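Quick notes on the structure that follows.
Where a number appears in this text, it was derived from the coordinates with a stated rule and is not lab data. Note that the structure is predicted; figures quoted are calculated from it, not measured. No Cβ is skipped: glycine too gets one built from the backbone with ideal geometry, and neighbour counts run over all protein chains shown.
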Amino acid sequence: MRTCGVEIAGSEVLLCLLTKEDDVFDIRDVRQTRFTLNNVGQETDQMRKFQFDFAKLMADYQVDSVAIRQRAPKGKFAGSATGFKMEAAIQLIEGLDVRLLSSTEVKEQLKRNPLPIDFEDTGLKKYQENAFVSAYVYIMKKTYRPDE
């Protein structure tokens, strides 16, 4: 199982590619760990380019699923309009299994299946932590509840 964890923060998409084979996790190097969308100029063209580039990255690395940490639509920690557009662009990529994970789901899954390694020991950049956790949580959820 090859899963790309995604965190959308402002106008950035942060990525971490995690695989699990025979109960062994492997963090894969990818050529691009973040996408940034600027709010300047032709937004439609930028969104299409983002969607194309993201889909190409997922195809090149043979990603089975994408796990996105869900963001609040309103309130103090609400996601930006650009972030929601990028989320929708990812969800609309044909042939890609995209799942949104609520904060509650993430907490419950981590309680049941704590991370087997301290994040500092993964070799990932600090900005990839939430993406890593999202990928891990989704893989554990698929492992122990494959029908969801």
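Candidates 140, 44, 33 compared by Cα position along the dipole of region 2-144: farthest toward the positive end lies 44, with charges placed on Cβ. Simple spin-label estimate for residue 62 and residue 47 gives 3.3 nm between the two label positions (7 Å along the Cα-to-Cβ direction from each Cα). In plain terms, the chain from residue 23 to residue 100 could stretch by 25.4 nm, reckoned as 0.36 nm per residue minus the Cα-Cα distance. Helix 103-112 and the longest principal axis of the C-alpha atoms of the chain enclose an angle of approximately 20°.
Considering helices alone, the calculated mean residue ellipticity of the chain at 222 nm is -12000 deg cm²/dmol, with DSSP H runs of length four and up weighted by -39500 (n - 2.57) and normalised per residue. The residue 36 and residue 111 beta-carbon pair, evaluated with R₀ = 35 Å, returns a calculated FRET efficiency of approximately 0.60.
Using Cβ counts within 10 Å as a stand-in for footprinting exposure, how do 105, 120 rank, fewest first? If you can, show how the numbers build up before the last one.
Working: 105 18, 120 9.
With the sparsest Cβ surroundings first, the list reads 120, 105.
Would you mind checking the tilt of helix 81-91 against the longest principal axis of the Cα atoms of the chain, expressed as 0 to 90 degrees and rounded to 10? The two axes meet at around 60 degrees. How far, in degrees from 0 to 90, does helix 129-144 lean away from the longest principal axis of the Cα atoms of the chain, to the nearest 10? Value to nearest ten degrees: 50. Each principal axis of the Cα cloud of region 2-144 was taken in turn, and the coordinate range along them, longest first, works out to 45, 37, 27 Å.
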